[in-house]
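Below is one structure, written out as structure tokens, with a few remarks after it.
Please treat every number below as a calculation from the coordinates, not as lab data. In this text, all values refer to a predicted model and were calculated from it rather than measured experimentally. Here the Cβ positions follow ideal geometry from the backbone for every residue, glycine too, while neighbour counts run over all protein chains shown.
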Amino acid sequence: MRVTGGQVFDLEKGFVARDICTDGSLLTAASGDGEVLDAAGCYVIPGLVDVHFHGCVGEDFSDATPEGLQRIADFELSQGVTYICPAGMTLPEDQLTAICRNTAAHRAKNAGGAEVVGAHLEGPFLSTAKKGAQNGDFLHAPDVAMLRRLQAAAEGCVKLVTVAPEEPNGLEFVKAATEDGIHVSVGHTTADYDTASAAFAAGADHATHLYNGMPSLHHRTPGVIGAAFDAPHVMPELICDGVHIHGSVVRLTFQLFGKERVILISDSLRATGMPDGQYPFGGQEIEVHGNRATIVGHPETLAGSVTSLMGCLRQAVKFGIPLADAVQACSYNPARSIGIEDRTGSLEEGKEASFVLLDQDTLDIRAIVFKGALVK
């Protein structure tokens with residue numbers, strides 16, 4: 001396939017007018033056949049990578065059903081999100097084990113939809129005080145042996161784990177997980193600057209949905225946010241749904257951390273792509289009105305988003321983030337954050353041919369190509 005006439009995303013230059021070619025599932029210097037895809041009037045961007053979301057179209061990753069995970073993968077691909085690392089909730093170990101086994105089985109089956117590149121264990125190693133919408137009944141102190149059991153059940157595909165490092169054995173957990181090749185994110189935490197800095201020095205390289213589920217930035221107590229800024233290897237997640245973070249703070253964060261470090265996530269729930277109403281969520285109930293989801297009976301507690309990552313990209317642009325920066329934060333940065341940037345995240349020869357054509361005026365999806373095949 002040869003894609004012609006579009007403005008193509010480039011990590012260094014932003015957007016450039018050039019053709020891209022595919023041969024089989026890869027981006028190549030020349031096309032292996034005569035098929036031409038007209039991208040006139042479109043931006044050509046890498047397929048998006050979501051490393052933190054829970055579900056969509058009535059399905060939740062934590063339900064651990066093969067049918068549910070397939071529906072999630074299919075919907076995400078339809079939204080231009082081509083690689084996904086769904087997040088589990090704070091649940092008992094047997095349910096977390098089921099989630100991990102379901103992920104491994106899905107990857108082995110390879111039945112289509114967005115590729116499930118791994119799993120993100122957002123719980124249960126979190127702080128009670130900052131659990132947010134997580135179910136406090138199932139919180140668990142950081143436990144290396146438990147993490148290793150879950151990784152065994154997942155057949156090695158746990159890519160990311162969130163931890164509150166101030167909890168007992170927190171720093172030892174960070175070190176062990178990092179040594180095991182699992183990326184560690186600091187989140188749902190009361191950690192002060194020194195504790196968070198120690199976690200980042202021990203190997204943690206993410207901050208889970210920055211600002212949400214952690215102490216606020218204060219000029220004398222900078223906390224996790226200040227510690228993340230001071231650790232150049234740390235990549236902060238931002239929920240850019242227009243609800244969780246004010247537009248000014250989104251702009252500030254891109255300026256503060258730089259376009260190379262910010263990861264946009266959706267943190268989307270099973271209610272994404274569904275009508276308003278009540279939905280189960282990690283042993284609790286959430287209530288959705290428009291683009292806002294809260295715990296039933298606790299309208300002050302946000303429970304994730306109902307916006308896809310592509311919707312978050314568009315929201316970032318509405319907030320004033322340059323399109324190229326928003327694309328990088330939704331593709332290359334999250335890919336790099338879990339170690340798959342050699343496969344995806346930019347449109348270079350040798351990488352997988354997964355990309356999306358967006359209308360230059362509306363940012364609506366005009367076409368989706370996944371591993372060389374036109375899917376929309």
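The distance between label points at residue 230 and residue 180 comes to 2.9 nm (points 7 Å beyond Cα on the Cα→Cβ vector).
Which of the three applies to the range 45-186, rounded, prolate or oblate, going by the alpha-carbon gyration tensor with a ≥ b ≥ c and a/c under 1.5 meaning rounded? Verdict is prolate for the range 45-186. Placing R0 at 25 angstrom, the Cβ-Cβ distance between residue 169 and residue 220 gives a FRET efficiency of 0.30 after rounding to 0.05. Between residue 36 and residue 94, how high is the FRET efficiency from 1/(1 + (r/R0)^6) when r is the Cβ-Cβ distance and R₀ = 41 Å? Nearest 0.05. Taking R0 as 41 Å, the efficiency between residue 36 and residue 94 is 0.20. Mind telling me which of 54, 140, 219 comes out most flexible in a GNM of the chain, alpha-carbon contacts under 10 Å? Among 54, 140, 219, the largest GNM mean-square fluctuation belongs to 219.
Loop-located GluC sites (Glu not before Pro) in the range 293-374 (DSSP state other than H, G, I, E, B) with a sparse environment of at most 13 neighbouring Cβ atoms within 10 Å: 348, 349.
As a ratio to 2.2 N^0.38 Å, the alpha-carbon radius of gyration for the range 232-376 is 1.12.
Measuring against 25 Å, Cα to Cα, the residue pairs 109/131; 109/259; 175/371; 109/351; 175/259; 130/259 contain 109/131; 109/259; 175/371; 175/259; 130/259 as the ones spanning a longer distance. Using the reciprocal of the averaged 1/r over all distinct C-alpha pairs, how large is the Kirkwood radius of the range 15-76 in Å? Computed over the range 15-76, the radius equals 14.9 Å.
All C-alpha to C-alpha distances of the range 165-321, sorted into 10 Å bins beginning at zero, yield P(r) values of 11, 36, 34, 19, 1 percent in whole numbers. Take every pair of alpha-carbon atoms less than 8 Å apart whose residues are at least six positions apart; their mean separation over the length of the range 250-290 yields a relative contact order of 24 percent. Label-to-label distance for residue 141 and residue 374 is 5.9 nm, based on points extended 7 Å past Cα in the beta-carbon direction. Each label point was placed 7 Å from the Cα along the Cα-to-Cβ direction; for residue 148 and residue 26 their separation is 3.7 nm.
Taken about its Cα centre, the range 109-252 carries a charge dipole of roughly 220 debye when the Cβ of each Lys and Arg holds +1 and the Cβ of each Asp and Glu holds -1. When you filter the trypsin sites (Lys or Arg not before Pro) in the range 1-92 for DSSP loop state and at most 11 other Cβ atoms inside 10 Å of their Cβ, you are left with 13. Normalised by the number of residues in the range 106-229, the average gap of Cα pairs under 8 Å and 6 or more apart makes the relative contact order 22 percent. By the Cβ distance rule (another cysteine Cβ under 4.7 Å), the unpaired cysteines of the chain are 21, 42, 56, 85, 100, 157, 330. Loop-located GluC sites (Glu not before Pro) in the range 8-117 (DSSP state other than H, G, I, E, B) with a sparse environment of at most 11 neighbouring Cβ atoms within 10 Å: 12, 35.
Evaluated with a Cβ-only charge set (Lys, Arg +1; Asp, Glu -1), the chain carries a dipole of roughly 320 debye about its Cα centre, given to the nearest 20.
For the chain, relative contact order (Cα pairs under 8 Å, six or more residues apart, normalised by length) works out to 20 percent. In a simple Cβ point-charge model (Lys, Arg +1; Asp, Glu -1; nothing else charged), the range 233-296 has a dipole of about 260 debye relative to its Cα centre. A Cα-only calculation for the chain places Rg and Dmax at 19.6, 62 Å.
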